[in-house]
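One structure is given below, encoded as structure tokens.
The values are calculated or read from the model by the stated rules, or taken from the named source; none is laboratory data. What you are looking at is a predicted structure, and each value in this text was computed from that prediction instead of being measured. Every residue, glycine as well, gets a Cβ built from its backbone with ideal geometry; the counts of neighbours run over all protein chains shown. Ligands, DNA and RNA are stripped out before the accessible areas are found, and what is left, the full protein with its side chains, is counted by its heavy atoms. Shrake-Rupley method; radii C 1.70, N 1.55, O 1.52, S 1.80 Å.
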Amino acid sequence: MNFPFDDIPNTAILTCYHILEHNAPILHVSHDADDGMWQFLCGACHDEGDARIVSLDYIYTHDTTVAQLAHMPCGCAADRPHGDADWDIRSTF
């Protein structure tokens, strides 16, 4: 399986413990405009203690549907109502 992102596989990304420890689906993805950081979240409300840092490759292996967002530019976010739904991409500017 080819890695679809332009970033290198070991790029650090933010996710939440709900995804890693409770197998919650990824429902919100952002590609931050200011620093290019990726965030892959479950859509719940979070505080700093919920955050986890993993590699982009780890999150891609965890949920290959995020490959659909591999070329989403910085300054955009994507949401979906459940794990099998299509992504709705929008600008965050």
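Descriptive notes on the structure:
- Scanning the range 72-85 for residues that are open to solvent by 70 Å² or more (accessible area, probe 1.4 Å) and modelled with pLDDT under 95 gives a single hit, D84.
- Number of residues in the range 20-44 that are open to solvent by less than 40 Å² (accessible area, probe 1.4 Å), touching a helix residue (DSSP H, G or I) at 6+ places or on another chain (Cβ under 9 Å) and among the small types (G, A, S): the value is 1.
- Look at (1) open to solvent by 60 Å² or more (accessible area, probe 1.4 Å); (2) under 22 Å from D88 (Cα atoms) and you find that D47 fails only one, number (2).
- For the criterion of being in contact with a Phe, Trp or Tyr (Cβ under 6 Å, 6 or more places away or on another chain) and among the hydroxyl-bearing types (S, T, Y), T15 passes.
- For the range 60-93, the set of residues classified as β-branched (V, I, T) and part of a helix (DSSP H, G or I) consists of T61, T64, T65, V66, listed by residue number.
- D57 outside any loop (DSSP other than H, G, I, E, B), on the phi < 0 side of the Ramachandran plot and surrounded by 14 or more Cβ atoms within 10 Å (Cβ to Cβ): yes
- Subset of the range 1-19 that is surrounded by 14 or more Cβ atoms within 10 Å (Cβ to Cβ) and among the β-branched types (V, I, T) - its residue that is farthest from G49 (Cα to Cα): T11
- Residues satisfying the stated conditions in the range 13-54, i.e. more than 11 Å from the chain's Cα centre (by Cα), assigned to a strand (DSSP E or B) and of a type in the set (G, A, S): A51
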